[in-house]
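J.: Have a look at this one.
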Amino acid sequence: MIDSVRLANFKAFKDVSVQFRALTLLSGLNGVGKSSVIQSLLLLRQSHQSGDLTYGRMTLNGPLVEIGTASDLLFVDANSDEICVGLTFQGAESAFIFSIVPDESSRDESVYQLTPHENNEVSATHLHGTPLLGTQGSFQYLCAERFGPRKSMPMSDNNVAVYDLGKHGEFTLHFLSRYGKSLLLDSDNARFAQGVPARLIDQVDHWLQEISPGAHLELQELRAADLMISGFAFDRPKDAQTRAFRATNVGFGLSYALPVLTALLAAQPGALLVIENPEAHMHPRGQTRLGQLCARAAADGCQVIVETHSDHVMDGARLEVRSGKLRPKDATFHYFERKKGIVRVVTPLLDHEGRLSEWPDGFFDEHRHNTAALIRPRSHHG
């Protein structure tokens, strides 16, 4: 499990350390560095996947993230041209430092040589085999720009073989078609829905109904074209279920939620899940349920890192703490704010009742501000 990330001269950060727990929520206004924290992890993973990290190089542009050049990554008021990504993983520290001077041995101008510092080769070895750099279901990243309703979705035997849904969630349907009936959730799993068959496909279907009551997923393979087709049927009181409607005729919410639900339910203990804006296109009730499921995945031994703008997602996690399903020490909520050009991270403490020790200005307090404005007596101009 990742304990902390230190970023120096990295995008919005002069020098900051961010602590991680089993469940970590990153919140704050736009443009204050939440995504940058996630990008630092993605940089390390894609540099490992490309093979560059093994040879002491950092790949800035790849399948997970595209930074551009190191100049685009360098903190605007940096006093040096060195950028640091430091990681603490189960007590072992790994520091990766690279200069904005491109690696002359590489033809790719977005590949940068790591600066010799505290033995970067050993640092990479420390991380080898961890969920961040591992395979076979140990890591899943879902970006904010997930695939919405489509007439069809692609198939990829290579991706689903290693339990990869794709960063846009594009292989979710194929994954469910391949493993939905064979993957079983243990009944003592915090994510397990009682009274529902243990098969992954049935558990996903249950949580879909938490998002949209009465909704059911239907899948169809078109193997000759390497495509998947999905539809959604709906329960009708005292009547037969409706026929399946095309995903393009149902709206964005269910299609956007499906990869998130599948990733959270399929993840095995020890897996690392990084999810951006799980609440997108979701009703507040659905957002709360997603927050609860994130917390339950964390309680089952996964590490879940979520970037969110939703107080409902946070409240869902707080409800799970209050219910006793997740220990307060296993969750942390960070609020990123910029003051006088410097980004800082505020981390309220969480107690057993799910209460927070403080509410920094701007931390999910817009509802309170709006309510105060609405009940304030109107001024009359004669």
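Every number here is computed from the coordinates shown, using simple stated rules; none is lab data. Nothing here was measured: the structure is a model prediction, and the numbers come from that model. No Cβ is skipped: glycine too gets one built from the backbone with ideal geometry, and neighbour counts run over all protein chains shown.
J.: Where does the charge balance sit around SER156 when Lys and Arg score +1, Asp and Glu -1, over other residues with C-beta under 10 Å from its C-beta?
T.: -4
J.: Identify, among LEU319, LEU64, ILE2, the residue whose Cα sits farthest towards the positive end of the charge dipole of the chain, taking +1 on the Cβ of Lys and Arg and -1 on the Cβ of Asp and Glu, with the dipole about the Cα centre.
T.: LEU319
J.: Working out 0.36 nm times the residue gap between ASP202 and ASP239, then minus their Cα-Cα distance, what length gain in nm do you get to one decimal?
T.: Net length gain for the segment: 11.2 nm.
J.: Okay, next question. Please list, by residue number, every one of the trypsin sites (Lys or Arg not before Pro) in region 184-243 that is coil in DSSP and has at most 16 other beta-carbon atoms within 10 Å.
T.: Qualifying residues, ordered by number: LYS238, ARG243.
J.: Which residue, PHE234, PHE336, PHE13, has the most motion in a Gaussian network model of the chain that connects Cα atoms within less than 10 Å?
T.: Most flexible of the set in this elastic network: PHE234.
J.: Sort out for me the Cα centre separation of region 336-362 from region 143-170, rounded to whole Å.
T.: 34 Å
J.: Would you kindly state how much longer the chain becomes between ASN159 and GLN19 on full extension, computed as 0.36 nm times their sequence separation minus their alpha carbon distance, in nm to one decimal?
T.: Gain on stretching ASN159 to GLN19: 47.3 nm.
J.: With springs only between Cα atoms under 10 Å apart, run a GNM on the chain and tell me which of LEU254, LEU227, LEU290 wobbles the most.
T.: Per the Cα network of the chain with a 10 Å cutoff, LEU227 tops the list.
J.: Fully extended, how many nm does the chain gain between GLU221 and LEU29 (0.36 nm per residue separation, minus their Cα-Cα distance)?
T.: 65.0 nm
J.: Write down the radius of gyration of region 260-327 and its Dmax, each obtained from C-alpha positions, in Å.
T.: For region 260-327, the Cα-based Rg and Dmax read 10.9, 30 Å.
J.: Using Cα Rg over 2.2 N^0.38 Å as the read-out, say which of (1) 0.94; (2) 0.98; (3) 1.04 was calculated from these coordinates.
T.: (3)
J.: Using the Kirkwood radius over C-alpha pairs as Rh, can you work out the diffusion coefficient of region 245-296 via Stokes-Einstein at 10 °C, viscosity 1.306 mPa s, in µm² per second?
T.: The estimated diffusion coefficient comes to 134 µm²/s.
J.: So for LYS167, LYS325, LYS151, fewest C-beta neighbours within 10 Å to most, what's the order?
T.: LYS151, LYS325, LYS167
J.: Can you give the direction-averaged projected area of the convex hull of the alpha-carbon atoms in region 149-266, in nm²?
T.: Its average projected convex-hull area is 7.5 nm².
J.: Fewest Cβ neighbours within 10 Å first, please rank ARG378, ARG178 accordingly.
T.: With the sparsest Cβ surroundings first, the list reads ARG378, ARG178.
J.: Here is a follow-up. Alpha carbon centre of region 1-62 versus region 175-213: separation in Å?
T.: Each part reduced to its Cα centre gives a spacing of 32 Å.
J.: Could you work out the local net charge near SER255, counting Lys and Arg as +1, Asp and Glu as -1, over the other residues with Cβ closer than 12 Å to its Cβ?
T.: +3
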